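The values are calculated or read from the model by the stated rules, or taken from the named source; none is laboratory data. If you're wondering where the values come from, they're calculated on a predicted model, not measured in any experiment. For neighbour counting, all protein chains shown are included, and Cβ atoms are generated from backbone atoms with ideal geometry for every residue, glycine included. What goes into the accessible areas is simple: the full protein's heavy atoms, side chains included, and nothing from ligands, DNA or RNA. Shrake-Rupley method; radii C 1.70, N 1.55, O 1.52, S 1.80 Å.
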Amino acid sequence: MAENIGSVARVMANFGLSQLRLVSPRDGWPQERAWATASGADWVLEDVAVFDTVADAVADLNTVYSATARPRETRLPVRTPRETARLLYDDRASGLGVGLLFGAERSGLETSDIALTQGIVTIPIDPRHQSLNLAQAVAINAYEWRTLILDAPPPAFRAGDPPAPGALMLGMYEHLERELDDSGFFHPPEKRPSMVQNLRVMLGRAAFTEQEVATFRGVITALSRGRGRVLARLAAQKSSPLGGGGPRSGGGGLSPTPAPETDPLHPPSEGPPPPRGEEG
């Protein structure tokens, strides 16, 4: 809703955040009601970027955390807003693209959306009343970020290469899933969505670098080509008259049955022996 978007822009401006990305807003964009609710945080709304899908919205980011109260059967790390802010701050100080993903106020995030992120941030509220609106959830996370900005340590030194951006990870996921479709891995078909999500979560936890993504995709390609060669060889053997490609020198294939050896002192008879008394 436009009112929720405006409220989020307001708390973002309170805590020094300005890069707001929207995924398929319900009523389109822009919406005048958002400006009315933002209480003057116009610069946030004027720079809004709109995307069709979550995958598009996180494509250029290296580390994204999903804000949800329920892990939704994923095995991603679950952290508090304070822990998440520190992790994202350190990554940002190292030059990486970071973000927090929030769902719609009424329905929250889908498991398929969470599977595109690297972790879950959950606010430790009282279980007797687990109800926060969207702007409140954003405000708590933005506050934890702001405390780090005000007490900024020196930039962190990152050893090794950074994690690959979301677009490369999504390309790797889809490459693997295509090959698994061809191999019949997703069986029964109705379990495919949950199997895909589990695979993406599993691989996302590894925090692949760009080089590791390229290596893994090379592995997928090599396995698929190898499978193709095996299938071609089996097809060739089936089409052979002998079923195995015919005789070959040096072993392999089928060989004709050798003729029995003959004994020069006892040559094989030409037929049954003559009756006794009629010899010679």
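Note down all Cβ pairs under 6 Å where the first residue falls in the range 118-145 and is touching a residue at least 24 places away in the same chain (Cβ under 8 Å), the second is open to solvent by 60 Å² or more (accessible area, probe 1.4 Å) and part of a strand (DSSP E or B), and they're at least six residues apart or on different chains.
Between residues of the range 118-145 that are touching a residue at least 24 places away in the same chain (Cβ under 8 Å) and residues that are open to solvent by 60 Å² or more (accessible area, probe 1.4 Å) and part of a strand (DSSP E or B), the close pairs are ILE120/VAL78; VAL121/ARG79; THR122/VAL78; ASN141/LEU100.
Would you please name the residue that is surrounded by the most Cβ atoms within 10 Å (Cβ to Cβ), looking only at residues in the range 173-189 that are out of contact with any Lys or Arg (no Cβ under 7 Å at 6 or more places or on another chain) and within 15 Å of SER112 (Cα to Cα)?
The selected residue is GLU177.
Given the range 1-88, what strands (runs of 3 or more DSSP E) lie entirely inside it while holding 1 or more residues that are hydroxyl-bearing (Ser, Thr, Tyr) and either at pLDDT below 95 or buried (at least 22 other Cβ atoms within 10 Å of the Cβ) (or both)?
In the range 1-88, the matching strands (runs of 3 or more DSSP E) lie at 63-67.
When the residues of the range 190-220 are filtered to those that are over 11 Å from the mean Cα position of the chain (by Cα) and of a type in the set (S, T, N, Q), which remaining residue is least open to solvent (accessible area, probe 1.4 Å)?
Within the range 190-220, the match that is least open to solvent (accessible area, probe 1.4 Å) is THR209.
Could you list, in sequence order, the residues of the range 98-113 that are touching a Leu at 6+ places or on another chain (Cβ under 9 Å) and more than 19 Å from ASP52 (Cβ to Cβ)? Before the answer, list the steps.
Going through the range 98-113, the residues touching a Leu at 6+ places or on another chain (Cβ under 9 Å) turn out to be 98-105, 109, 113.
Selection gives VAL98, LEU100, GLU105.
Evaluate the following for LEU170: is it open to solvent by 30 Å² or more (accessible area, probe 1.4 Å), in contact with a helix residue (DSSP H, G or I) (Cβ under 9 Å, 6 or more places away or on another chain), closer than 19 Å to ASP113 by Cα and in contact (Cβ under 8 Å) with a residue 12 or more places away in the chain?
The answer is yes for LEU170.
Keeping to the range 4-26, report how many residues are closer than 12 Å to TRP43 by Cβ and among the hydrophobic types (A, V, I, L, M, F, W, C).
Residues in the range 4-26 being closer than 12 Å to TRP43 by Cβ and among the hydrophobic types (A, V, I, L, M, F, W, C): 5 in total.
Name the residues in the range 32-47 that are closer than 25 Å to ALA59 by Cα and in contact (Cβ under 8 Å) with a residue 24 or more places away in the chain, would you?
Residues satisfying the conditions are TRP43, VAL44, LEU45, ASP47.
If you take the residues of the range 89-105 that are closer than 17 Å to SER24 by Cβ and of a type in the set (A, V, I, L, M), which of them is surrounded by the most Cβ atoms within 10 Å (Cβ to Cβ)?
Among residues in the range 89-105 that are closer than 17 Å to SER24 by Cβ and of a type in the set (A, V, I, L, M), the one surrounded by the most Cβ atoms within 10 Å (Cβ to Cβ) is LEU101.
Report, by residue number, each residue of the range 65-94 that is within 21 Å of MET202 (Cα to Cα) and hydrophobic (A, V, I, L, M, F, W, C).
Scanning the range 65-94 gives ALA67, ALA69, LEU76, VAL78, LEU87, LEU88.
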